[in-house]
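Here's the structure we're looking at; comments come further down.
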Amino acid sequence: MKKSFFLLLLLLIFSCATKRNFNLSYIDEYIIPDSLQFQNQTIGGLSGIDVVNKVFYFVIDDSKNPRIVTAKIEIKNDRFQTVYFKKVIFLNSATNTFFKENELDLESIFVDEKTNEIHLVSEGEINKKKSPTIFKIDANGNFLEQFSLPKSLSKIENFKHNGVFESSCKSIDNQGFWVGVEAPLIVDGEEPNGSETSSPIRITYVDFQTKQATKQFAYQLERIPKPYKGNVNVTGVTALLEIEKNHFLVVERAYQNNYGSYGNTIRIFEAFVDKNTTDILNIESLKKTPFTPLKKRLLFDFETIKKFLTDGIIDNIEGISLGPKLKNGNQSLILVADDNFQLYGKQLNQLILLEIKTNK
């Protein structure tokens with residue numbers, strides 16, 4: 001009897017660990033004006049977001065002038081009121097050769113709450129043989145340290161141009177961080193298309209104390225959602241947030257260029273480790289080795305809220321962060337879109353406010 005009860009308890013615990021009890025709902029949108037100037041810099045290309053002590057940090061994706069901007073986001077009655085920009089932080093290239101030797105295509109950011117050290121993720125420039133990097137700077141933009149990459153991410157020839165490091169986040173226990181590639185490595189799988197493919201990307205954990213990658217999981221990308229139109233039809237992971245240990249919110253973005261301002265399909269998935277998930281850290285090729293990816297389920301599809309958004313546009317969402325607690329006590333999320341400085345037509349500096357609702 002005791003043995004049966006113990007087995008039943010394990011089943012219940014396992015069930016709770018694999019079936020999440022929450023969903024996401026839309027609250028509000030805020031548009032930062034196009035080409036807004038602050039401290040003689042253009043606010044645009046907002047490609048990552050993090051919050052520390054109620055201050056939000058945005059990384060600006062401008063390889064000619066990489067920089068960070070901080071802001072206060074004012075929310076009242078569960079609605080955006082305004083965004084107060086506070087400071088621009090430049091990378092101090094005069095103090096270290098790292099900035100000159102690397103192509104800094106910055107895509108993601110997270111900040112240490114205790115030290116205010118800023119961690120940045122760069123895609124590099126694969127076509128120019130410039131490797132992706134993960135590094136940190138101090139609050140004044142001075143270079144501090146570059147993190148080494150695991151063997152599975154160390155060969156530049158395995159990366160696809162413009163499909164490398166796009167997402168990162170602190171671990172929930174602040175003992176390390178996660179970083180994700182946007183597209184499958186060449187040795188791992190195929191680019192997603194309109195049919196079923198094996199298209200896994202790698203999400204890697206790096207331990208702060210050892211400064212080494214200690215685990216890595218595969219996340220399976222969805223197929224291209226709309227009929228092919230034009231010569232760019234791609235999808236990948238653009239943002240990541242750990243909400244419990246080994247349990248993530250993952251932003252997938254598909255982009256199809258000949259749909260104009262309506263070319264983005266944005267979805268948020270829940271992904272988590274279960275007892276069968278494979279640690280792929282030491283697997284060199286996922287094409288050649290069997291593996292089990294993270295479990296996933298769709299939480300939120302931006303197509304369902306386009307009627308609430310400016311001109312019905314679901315823009316280029318590339319950052320996700322916790323927001324403030326709402327009036328009902330629920331946790332909010334803030335997402336940000338990269339407008340690419342309007343280089344490819346009309347885009348928006350778009351902020352989205354979502355609510356995490358617990359199912360009863």
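Here the simple spin-label model places points 7 Å from the Cα toward Cβ, and for Y259 and K155 these points are separated by 3.5 nm. Only alpha carbons enter this Debye calculation for the range 148-253, each as an equal point scatterer, and the log10 of I(q)/I(0) it gives at q = 0.20, 0.23, 0.24 Å⁻¹ is -1.03, -1.27, -1.34.
May I ask you to derive the FRET efficiency for Q175 and L36 from their Cβ-Cβ distance with R0 = 41 Å, giving the value to the nearest 0.05?
Working: r = 37 Å, r/R0 = 0.91.
Once the sixth-power term is evaluated, E becomes 0.65.
The overall shape of the range 71-229 is oblate: from the C-alpha gyration tensor, with semi-axes ordered a ≥ b ≥ c, the ratio a/c is 1.5 or greater and a/b is no larger than b/c. Positive end of the dipole of the range 222-336 (Cβ unit charges, origin at the Cα centre): among G319, T265, N330, the Cα lying farthest that way belongs to T265. Taking Cβ atoms as reference points and 14 Å as the exclusive limit, the residues near Q39 contribute a net charge of +3, counting Lys and Arg as +1 and Asp and Glu as -1. Apolar share of the accessible surface for the range 109-158: 42 percent from carbon plus sulfur atoms, 1.4 Å probe.
A simple count of charges around N127, restricted to other residues whose Cβ falls under 14 Å of its Cβ and scoring Lys, Arg +1 and Asp, Glu -1, yields -1.
What is the sum of charges around Q81, taking Lys and Arg as +1, Asp and Glu as -1, for the other residues whose C-beta is under 15 Å from the C-beta of Q81?
Details: positive: K54, K72, K76, R79, K327; negative: D28, E29, E74, D78.
Surrounding charge for Q81 is +1.
Structure remark: mean-square fluctuation, Gaussian network model of the chain, C-alpha springs under 10 Å; the largest value among Y205, Y259, Y30 belongs to Y259.
Separation of the range 165-217 and the range 303-334 by C-alpha centroid, Å? After rounding, the separation between the Cα centres reads 24 Å.
Can you pull the percent of the range 282-356's accessible area that's carbon plus sulfur, 1.4 Å probe, other chains left in place? In the range 282-356, the share of accessible area belonging to carbon and sulfur is 52 percent.
Excluding ligands, DNA and RNA, the accessible surface per residue across the range 243-341 is 42 Å² with a 1.4 Å probe. Pop the C-beta distance of S285 and Q212 into the FRET formula with R0 = 22 Å and round what comes out to the nearest 0.05. Efficiency computed from Cβ-Cβ geometry: 0.55. The distance linking the range 230-279 with the range 54-107 is 23 Å (Cα centroid to Cα centroid, whole angstrom). Using a ≥ b ≥ c from the Cα gyration tensor of the chain (square roots of the eigenvalues), is it rounded, prolate or oblate, where a/c under 1.5 gives rounded and otherwise the larger of a/b and b/c decides, a/b for prolate? Rounded is the answer for the chain, as its axis ratio a/c remains below 1.5. With each label modelled as a point 7 angstrom along the Cα→C-beta vector, the K129-S63 pair spans 1.6 nm. Rounded to the nearest whole Hz, the Karplus-based 3J(HN,Hα) values (6.51 cos²θ - 1.76 cosθ + 1.60, θ = phi - 60°) of the range 199-210 follow the sequence 10, x, 10, 9, 10, 10, 9, 10, 7, 5, 6, 7, with x at glycine and proline. Using the average count of surrounding beta-carbon atoms within 10 Å as a protection proxy, the listed peptides 185-192, 222-229 rank, highest first, as 185-192, 222-229.
The values are calculated or read from the model by the stated rules, or taken from the named source; none is laboratory data. Note that this is a predicted model, so its numbers are computed, not measured. Methodologically, a virtual Cβ is constructed for each residue, glycine included, from the backbone with ideal geometry; neighbour enumeration extends over all protein chains shown. Each accessible area value is taken on the protein alone, full model and side chains, heavy atoms only, with ligands, DNA and RNA left out. Shrake-Rupley method; radii C 1.70, N 1.55, O 1.52, S 1.80 Å.
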